[in-house]
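The values are calculated or read from the model by the stated rules, or taken from the named source; none is laboratory data. Worth saying up front: this structure is predicted, and the values here are computed from it rather than measured. With ideal geometry, Cβ positions are generated from the backbone for all residues, glycine too; neighbour counts draw on all protein chains shown. Keep in mind that these areas ignore ligands, DNA and RNA; they rest on the heavy atoms of the full protein, side chains included. Shrake-Rupley method; radii C 1.70, N 1.55, O 1.52, S 1.80 Å.
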Amino acid sequence: MKLCYSSEELQELFKCSRQTICRMESDGRLKRLYGLPGTFYRAADVLALCEYEEPAHGPLEWERLEGKNKALSEENRALKEKLSCICEALKGVMGNESD
């Protein structure tokens, strides 16, 4: 069982840059092992990151999200309608200027 991972191993594992590993260390997702030469991180932190899953949304949250989606869809429809009216008005104005 592996106890630690080097920065290079993590970059390959997570398909990310060194800067991303540093950000993960800064925000506490990874803990550096300072007693070892080089840059190594605790295997437990790496394993926790590999097993992370998005929390499931409950029925109330889904209902709220569906309501928000419906409201945004309606707003989008209304804005498209307004934009269409503006475009038609501009076509009329632009057509009259050439006379």
Keeping to the range 1-51, report how many residues are in a helix (DSSP H, G or I), of a type in the set (Lys, Arg) and touching a helix residue (DSSP H, G or I) at 6+ places or on another chain (Cβ under 8 Å).
-> 1
Would you check if there is a residue in the range 59-73 being modelled with pLDDT under 90, part of a helix (DSSP H, G or I), touching a helix residue (DSSP H, G or I) at 6+ places or on another chain (Cβ under 9 Å) and surrounded by 12 or more Cβ atoms within 10 Å (Cβ to Cβ)?
-> no
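Against the condition open to solvent by 60 Å² or more (accessible area, probe 1.4 Å), of a type in the set (Val, Ile, Thr) and at pLDDT 90 or above, how does Ile86 come out, does it pass?
Numbers: open to solvent by 60 Å² or more (accessible area, probe 1.4 Å): yes; of a type in the set (Val, Ile, Thr): yes; at pLDDT 90 or above: yes.
In short, yes.
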The range 13-47: number of residues that are open to solvent by 60 Å² or more (accessible area, probe 1.4 Å) and without any contact (Cβ under 8 Å) to a residue 12 or more places away in the chain | 12
Surrounded by 10 or more Cβ atoms within 10 Å (Cβ to Cβ) and of a type in the set (Asp, Glu) - does that describe any residue in the range 3-11?
-> yes
